[in-house]
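Data block below; observations after.
The values are calculated or read from the model by the stated rules, or taken from the named source; none is laboratory data. Values in this document were obtained by computation on a predicted structure and should not be read as measured data. Neighbour counts are summed over all protein chains in view; Cβ atoms, including those assigned to glycine, are modelled from backbone coordinates with ideal geometry. Note: areas computed on protein heavy atoms with side chains; ligands, DNA, RNA excluded. Shrake-Rupley method; radii C 1.70, N 1.55, O 1.52, S 1.80 Å.
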Amino acid sequence: MLIAELRHLFRRTRVRALLIVMFAIPFLLAVAVKINGGPSDGNGPTFLAQVSQNGVFAALAGLTVTIPFFLPLTVAVVSGDTIAGEASIGTLRYLLTRPSGRGRLLGVKAVTTLAYCLAAALAVAAGGLIGGAILFPLGRIISLSGTSLPLIDGIGRTLLAALVVGASLLGLAAIGVFVSTLTDVPVGAMAVTAGIGVLSLILDAVPQVAFVHPWLFTHQQLAFGDLLRTPVRWNNIGKDLLLQLGYVAVFGTAAWARFTTRDVLA
Amino acid sequence: MAIATHGLTKRFGDVAAVDGVDLDVPAGSVYGFLGPNGSGKTTTIRMLLGLIEPSAGTWELLGRRMPAQSLQALAEVGALIEGPAFYPWLSGRDNLARLDAAGPDGQRATRAGRIEAALGRVGLTAAATKKYRAYSLGMRQRLGLAAALLRPRHLLVLDEPTNGMDPQGTREIRNLVAELAHEGTTVFLSSHLLAEVEQICTHVGVMSEGHLLTQGTLTDLRAAGGRRLRVEVDDPAAAGPVLGRLGLGDIVTDGDVVTAKLDGQPPEVCNRDLVHAGIGVRALSVERPSLEDLFVSLTGEGFDVAR
Ligand SMILES: Nc1ncnc2c1ncn2[C@@H]1O[C@H](COP(=O)(O)OP(=O)(O)O)[C@@H](O)[C@H]1O
Ligand SMILES: [Mg+2]
């Protein structure tokens, strides 16, 4: 059932369109740098300044640009649709009487959402790597610590960074799946999830509520940059993954409690 | 029993949509679950299939206690609940494949063959590759039936299966149900159209405002309703009193047709007395009560009265 569900998700026009957009953003970023030249240091997102020297940085710049807003938005769309989408067109009652088992269905939906998070982040990395490779020279990477790394190492670290970015979306994805079990209106679930994502960003920018910052699922979303240090600094990445895991545990349990007991009237 | 419920009740807020229903659906029967719109049929079916939790009562499906053993029970049940529902952007065939993959006993090796067989059975082979979005209401209903027939089942629960179908489609569904019943499948069939199911059911349960008014074999229910005499005469005003003196009840005159409950009085005696009274009898027949008559006699209301 998991394989069928994965195929079902990635065959959808909507999901493909989202992935294409994620692929296109870093690609267009690379094109823009080619046409206008990179920003002088300190201007624009991290990594953007290095793009013209080494195409690999287009992928890293792409991740930096998309992680605050675009990626979470698409995650809200996909996760908010998981249960509410099935309920709204009525297929939920047929999946349940098939019978899929409520816990199992929810588990499968959760895993496909996770797959989407990773796929979306990898699409950004792929778009950046391909666009960067076409438009700029590739070569040894100068790490953030100033040491030089072989190209293959740099690409490996970039892909790993994409996986970390994908994983840092899991907290929001778990919230989205939970919200999706509360309603039969998928657009509502998507909007609420996206709203929660934005709220977390805003709170993270307000110094007066600094005490909640470590608990916000967006707080460590740029930690992936630490992969480009030598040696790699795992501290913040570890914190981020733990935090995401915590959100998954809490909202996963809530979603399970809700979905396994609710009346399916749609 | 294929389905047995004990005091099954569902309240939405203060309103009991289903109130203390005790269903007994024998294995091998074609059970017509009848009632006007809003009488609680779909709500009952949702409870039977574990989609909603009863406010009170217990039930068994295919001899298994629900909801504890619902996965085992539901694996042997095919269902159509409140109309079909599929993904509009997939073809009929792809929709069936997805549903088949979503549960137990949906072996991949046999899937394509089973899908084609089910599509053929409901007459959708030609439209199999069309997007569901482009299906007509009748085609959608057929696809819903195909989904219920994807694997061999012991019990089919069909909620208003002829909804939105033309008379030809309705006839085909009736034949299909008869065929399935002949193969030994128990069919539990809800409908608000009495005449439509009267011909294929062996058993009937009648719902009204959340209550199960009566259930039993169709033969028994009709016998309980009593036979009626129907005469076409030249002087209906005079015919009524004649029948009344013979002890016939519930005399109804409609134009030159008079009908009355026979209550054991032989029809030939009625005919003789009418003729002796100088009334010209043009036609005489004895009618078994239709389900509709039965319903009216049970509720004192027409069947199409919804709450
Ligand atoms: N989700 C719901 N919330 C409140 N009332 C409902 C709900 N679903 C059904 N009802 C009520 O329950 C009664 C029975 O409905 P239903 O089972 O759909 O009837 P039927 O299938 O016989 O037409 C109706 O009065 C309906 O208004
Ligand atoms: Mg109904």
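Structural remarks
- Highest-first arrangement of B:282-290, B:11-19, where packing means the average Cβ count within 10 Å: B:11-19, B:282-290
- The residues of chain B present an accessible area of 43 Å² per residue when probed at 1.4 Å with all protein chains retained.
- Acute angle (nearest 10 degrees) that the helix B:267-276 long axis makes with the longest principal axis of chain B, alpha-carbon atoms: 30
- Förster radius 60 Å - calculated FRET efficiency between B:Ser297 and B:Lys131 (Cβ-Cβ, nearest 0.05): 0.80
- Quick note on the protein assembly as shown: its Rg to Rh ratio, both from C-alpha atoms and Rh being the Kirkwood radius, is 1.18.
- Calculated P(r) tail over 15 Å for the stretch B:55-130, as whole % of Cα pairs: 66
- Residues of the stretch A:220-266 whose accessible area (probe 1.4 Å, heavy atoms of protein chains only) drops by at least 20 Å² once all protein chains are present, relative to their chain alone: A:Asp263, A:Val264, A:Leu265.
- The residues of the stretch A:2-259 expose, per residue, 41 Å² of accessible area to a 1.4 Å probe.
- With q set to 0.18, 0.19, 0.23 Å⁻¹, the log10 of I(q)/I(0) for the stretch B:227-287, from the Debye formula over equal scatterers at the Cα positions, is -0.48, -0.53, -0.82.
- Chain A: DSSP helices with Cα axial extent of at least 27 Å and average Kyte-Doolittle hydropathy no lower than -1.0: A:13-36, A:102-135, A:186-205, A:235-259
- nm² value of the averaged projected area, convex hull over the Cα atoms of chain A: 14.6
- Extending 7 Å from Cα along the Cβ direction at B:Asn271 and again at B:Ile251 yields two label points whose distance is 2.0 nm.
- Percentage, to the nearest whole number, of Cα pairs in chain B over 24 Å apart: 59
- Cα convex hull of the stretch A:98-236, projected area averaged across orientations, nm²: 11.8
- The interface between chain B and chain A buries about 2600 Å² of solvent-accessible area in total (1.4 Å probe, ligands and nucleic acids excluded).
- Gyration tensor verdict on the stretch A:88-131 (Cα atoms; rounded if a/c is under 1.5, prolate if a/b is larger than b/c, oblate otherwise): prolate
- Paramagnetic label zone (point 7 Å from Cα along Cα-to-C-beta, A:Val209; backbone N under 20 Å) in the stretch A:180-196: A:191-196
- Partner aspartates and glutamates for B:Lys130 [C-alpha distance under 15 Å; skip if fewer than 8 residues away on the same chain]: B:Asp94, B:Glu116
- In summary, the lysines within cross-link reach of B:Lys41, defined as a Cα separation below 20 angstrom excluding same-chain residues under 8 places away, comprise B:Lys10.
- Helix axis angle, B:236-245 relative to chain B longest principal axis, alpha carbon, degrees: 90
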